[in-house]
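Reading through the structure tokens given below for one structure.
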Amino acid sequence: YAADSLPAFERYYMGGPKSLRGYTIKNIGPKDSSGNPLGGNQSLLLNLELQYPFTKGLRGFAFYDRGQLYGRGDDTSTTSTTWDLAKMRDSIGAGVRFLSPFGPVGMAYGVKLDKATGEKDGEFHFSAGNSF
């Protein structure tokens, strides 16, 4: 690839049920002038979960997520990849997960701990499959 861009399908995106819960899908990180996500060249993500088995196959959980994207997806220059830990986004929440024969199916609600102006307090998410 050219030294100054990455194709969109090779960029990192964050937000949603499999990365940073409490945020809209792909809503974390750099955006263009219209507010569309550009993705990032680097990502930093922490997911902590405390699970409690209600019954065989049904678990409740509480979580803390922290993450951010760095480096604009359309610019791979060294000036665009500076990590700033102060810009990390945080959320907490809870949910339930059913361990089906086809894989886990769950729902959770995440609350933003650092809500920006104009953002909702949190997001409700459905998920199917493992996160990683």
| field | Failed item, numbered, when ILE25 is tested on (1) surrounded by 15 or more Cβ atoms within 10 Å (Cβ to Cβ); (2) touching a strand residue (DSSP E or B) at 6+ places or on another chain (Cβ under 6 Å); (3) of a type in the set (A, V, I, L, M, F, W, C) | value | (2)
| said: ALA108 - would you say it is assigned to a strand (DSSP E or B), surrounded by 15 or more Cβ atoms within 10 Å (Cβ to Cβ) and modelled with pLDDT of 95 or more? | reply: yes
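The values are calculated or read from the model by the stated rules, or taken from the named source; none is laboratory data. Since the structure is predicted, the reported quantities are computational estimates derived from the model, not experimental observations. Heads up, the Cβs are rebuilt from the backbone with ideal geometry, glycines too, and the neighbour counts pull from every protein chain shown.
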